[in-house]
1. Going from the alpha-carbon gyration tensor of region 1-145, what semi-axes, largest first and in whole Å, does one get by taking the root of 5 times each eigenvalue?
2. Take the Cα coordinates of region 43-86, assign each an equal point scatterer, and use the Debye formula without solvent to give log10 I(q)/I(0) at q = 0.16, 0.17, 0.31 Å⁻¹.
3. Could you list the square roots of 5 times each eigenvalue of the Cα gyration tensor of region 49-125, that is, the equivalent ellipsoid semi-axes, sorted largest first and rounded to whole Å?
4. Which whole-angstrom value gives the distance between the alpha carbon centres of region 58-73 and region 110-127?
5. With only Lys, Arg, Asp and Glu charged, each at its Cβ (+1 for the first two, -1 for the last two), find how big the charge dipole of region 36-134 is about the Cα centre; round to the nearest 20 debye.
6. Wrap a convex hull around the Cα atoms of region 104-162, take a quarter of its surface area, and give that in square nanometres.
7. Ranking request for peptides 48-57, 128-137, 63-72: highest mean number of other beta-carbon atoms within 10 Å first, then the rest in descending order.
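Where a number appears in this text, it was derived from the coordinates with a stated rule and is not lab data. This structure is a prediction, so every number in the text was calculated from the model and none was measured. Every residue, glycine as well, gets a Cβ built from its backbone with ideal geometry; the counts of neighbours run over all protein chains shown.
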Amino acid sequence: LSGSSILSNTASISGGGVFVSGEAVLEAEDNVYSNNTARGNLTLNGGGGALYINDMAIVNSTNDRYSNNQATQGYGGAIYARTAANISSTNSFYISNVATNGNGGAIYVSSRAVFSSTRDTVRNNKVAASGGSGGGLYVDQEGRVHMDSTTFQYHNVSKYGGSIYVSG
């Protein structure tokens, strides 16, 4: 997927823009993911306004822009990675994404998933839920994160981890 625009899409549970699962590999470069919505379901682990990655899938995101995406009843306004999924992000932007009734304004990583970030910018994301945490990034349930020269700033949450929340 290269030089594409994934705009103004809606999914009833997960992956408002793109859903990647089952050991699939997605190479993504120079794309725009904007105004996508995953309506989600907290009980079904829904979310990922722009991108949902599950079941050992792999996504390599380079020079991509994730903006104004939302998870209304789930996790990860822009991205939700879970169940041993692996996402590598380089020189990408995560701007003004919202988790309305979950955690992880921009990115949510759980269930042995791995998120690797190099020179990304994560800015102005929000968790709107009254008990919400992790404005830029939320990590739990054995999720793992590796970061190098990534900038987090200007996030808004009501509870814990304005930029980053990590829980075992």
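1. Values: eigenvalues 68, 52, 41 Å².
Largest first, region 1-145 gives 18, 16, 14 Å.
2. Evaluating at q = 0.16, 0.17, 0.31 Å⁻¹ gives log10 I(q)/I(0) of -0.40, -0.45, -1.10.
3. Equivalent ellipsoid semi-axes, largest first: 17, 16, 8 Å.
4. That distance is 10 Å.
5. Working: 7 positive and 3 negative charges, 25 e Å.
Roughly 120 debye for region 36-134.
6. Details: hull surface 14.4 nm².
That works out to 3.6 nm².
7. On the way: 48-57: 27.5, 128-137: 22.9, 63-72: 24.5.
By packing density, highest mean first, the sequence is 48-57, 63-72, 128-137.
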